[in-house]
Amino acid sequence: MPMSLSDSPEYAEEQKNKRHATRSPLIVEKVPCGDGHKTLFGYAKNLSRGGLFIATVKPREPGEEFVIELTLPTKPPYTFRCRCEVVWKRHFQRKSSHEPGMGLRFLDITDADGGRVDEWVMQQATTFSG
């Protein structure tokens, strides 16, 4: 099977260098999308103001755009919606240490929502490092 773009070492290094925002995991059981497609089932991980990774066995195609809704587990919970774009996907591969899924970039996250994401991510970083 040929190597996909997301599996190349050069791509991985380039993506690592592009990540300027602190990231944190956010586990959700379902991510509702407002585009008429079925609800995505997976786990949202590596959340940042710029986007997130969703672990799923049925990733969408790069370039696809849709509205996503996420709820931060704050007290009280904070829910926001924004458009996102699939930037890359990774299929399930036997014996791979990488989860299948897709990387999403937020396209129109508001400053207020982005601020709440930053705040939550920083709280998580403090919790896990302290």
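Every listed requirement among (1) surrounded by fewer than 16 Cβ atoms within 10 Å (Cβ to Cβ); (2) within 15 Å of the chain's Cα centre (by Cα) is met by Glu85 save one, (1). When the residues of segment 53-82 are filtered to those that are within 19 Å of Met102 (Cα to Cα) and without any contact (Cβ under 8 Å) to a residue 24 or more places away in the chain, the one that is surrounded by the fewest Cβ atoms within 10 Å (Cβ to Cβ) is Gly63.
Checking each residue in segment 85-113 for being in a strand (DSSP E or B), touching a residue at least 40 places away in the same chain (Cβ under 8 Å) and of a type in the set (D, E, K, R) picks out Lys89, Arg90, Arg105.
Within segment 106-130, the set of residues being within 22 Å of Gly63 (Cβ to Cβ) and surrounded by fewer than 16 Cβ atoms within 10 Å (Cβ to Cβ) comprises Leu107, Asp108. Across segment 65-77, what is the number of residues that are over 14 Å from the mean Cα position of the chain (by Cα) and farther than 17 Å from Asp113 by Cβ? Total satisfying the criteria: 1. Condition check for Arg90 on (1) over 22 Å from Val67 (Cβ atoms); (2) more than 15 Å from the chain's Cα centre (by Cα): one failure, at (2).
None of the figures in this text is laboratory data; all of them are computed from the coordinates on show. All of these numbers come straight from a predicted model, not from anything done at the bench. A quick note on method: Cβ atoms are made from the backbone with ideal geometry, for glycine too, and the neighbour counts reach across all protein chains shown.
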